[in-house]
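The values are calculated or read from the model by the stated rules, or taken from the named source; none is laboratory data. As the structure is a computational prediction, the values presented were derived from the model and not from experiment. Backbone-built Cβ (ideal geometry, glycine too); neighbour counts: all protein chains shown.
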Amino acid sequence: MDGKIRVGIIGVGGISYGHIRNFMGSPDAEIVALVDIDPKRLETVFEKVPELVGTPTYHDYRDMLAVGGLDAVEISTPHTLHYDQIIDSLNAGLHVLTEKPMVCTTQHAKGVIQKAKETGKVVMISYQRHFQPQYRYIKQMVADGALGEVHYISALQCQRWKKGTTGSWRQIPELSGGGQLNDSGSHLMDVILWTSGLTAESVYAFIDNRETPVDINSAITMKFTNGAQGTISVVADTMCGWYEDFTIWGTKGTIFFRNGRIFYCNEAGEMSEPADLPEGGTVDQGFCDTILGRAKNWVPAECGLRVIELTEAAWKSGETGAPVFVAKL
């Protein structure tokens, strides 16, 4: 590619600013267009990032695509809008970095994967943990066989999500696609699937909306295709701030992740806190590196499929009160 990667930002709400700063700080990218349906947000982005003053703006992403002059887009819009925006951008010949969740149904995830193959363009999901040292360490330990065969996973996430999202689009199913499972819970599901390398086979879930239109508290039990078992607890109705942990048990060792700290128990039962973590980075620079052929795609569309399979199965199980097999979605 000659020159810098020309990026259009679709959606300039709060989450977009991290991407904007990262792209502006990259020697490989430049932001050449901004899109938002709300004129006030387009005004605000120029106030917060005056370096972008003069950048063309659009209220409809399709108008931006029609004008052209882009190599890639970054999508930071409500969840249910992602699918059309991804597909239209791929059809326009652009690489796509999308916020999580990639899409809100298993069928849409399969459609994105197929379209990415047809166009040969990069589709990356903004699961930034794939670029963080702690999670890369855990994934490498599993891949290297340090834990042996993984046979059990447990995960917990709690957040003042119900209170914090009251009155926002995140509690409107037509825009969010779901509650905390489809929002910050998406990161938890992704990281346990990505680090362990496992795929959900069947799911049994109890879900409590806590008098809202979307899932708030979720108790999920699952079986993976390799026979391993797992549990996920997501608690969004709490006064506590952010807390997250997960544990991966194997036949030779165990990894404990405790709200940012890692502990490793080896086959002899000896516990340690690893310090030799790999290097990290940002998803935005990783996106550029993938487009330029410098690195593999650390968060391909297949990760989005694995996550929405598990999420959608949990929703359906919560509705029916029966186990759901992922292959039947």
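Quick notes
- Scanning region 207-214 turns up at least one residue that is of a type in the set (A, V, I, L, M), more than 20 Å from the chain's Cα centre (by Cα) and on the phi < 0 side of the Ramachandran plot.
- Within region 227-266, tally of residues that are modelled with pLDDT of 95 or more, farther than 15 Å from residue 195 by Cα and not in a strand (DSSP E or B): 8
- Taken over region 265-287, the residue count meeting the criterion of being more than 14 Å from residue 133 (Cα to Cα), out of contact with any helix residue (DSSP H, G or I) (no Cβ under 7 Å at 6 or more places or on another chain) and not acidic (Asp, Glu) is 7.
- Filtered by the rule that a residue be under 21 Å from the mean Cα position of the chain (by Cα) and either over 18 Å from residue 224 (Cβ atoms) or of a type in the set (A, V, I, L, M, F, W, C) (or both), region 247-260 gives 248, 257, 258, 259, 260.
- Residue within region 39-46 that is more than 22 Å from the chain's Cα centre (by Cα) and within 26 Å of residue 115 (Cα to Cα) present: no
- Residue in region 54-65 that is closer than 28 Å to residue 281 by Cβ, crowded, with 19+ Cβ neighbours inside 10 Å, more than 22 Å from the chain's Cα centre (by Cα) and touching a residue at least 40 places away in the same chain (Cβ under 8 Å) present: yes
- Selected residue (criterion: surrounded by the most Cβ atoms within 10 Å (Cβ to Cβ)) from residues of region 66-91 that are part of a helix (DSSP H, G or I) and charged (D, E, K, R): 88
- Of all residues in region 224-249, exactly one satisfies the criterion of being crowded, with 18+ Cβ neighbours inside 10 Å and in contact with an Asp or Glu (Cβ under 7 Å, 6 or more places away or on another chain), namely 224.
- Within region 310-329, residues that are under 18 Å from residue 209 (Cβ atoms) reach partners that are surrounded by fewer than 23 Cβ atoms within 10 Å (Cβ to Cβ) and modelled with pLDDT under 95 with beta carbons closer than 7 Å, at six or more positions or on different chains, in the pairs 312/329; 313/329.
- Some residue of region 218-237 being of a type in the set (S, T, N, Q), farther than 30 Å from residue 25 by Cβ and touching a helix residue (DSSP H, G or I) at 6+ places or on another chain (Cβ under 7 Å): yes
- Qualifying residue in region 257-270 (condition: in contact with a Ser or Thr (Cβ under 7 Å, 6 or more places away or on another chain), among the β-branched types (Val, Ile, Thr) and touching a residue at least 40 places away in the same chain (Cβ under 8 Å)): no
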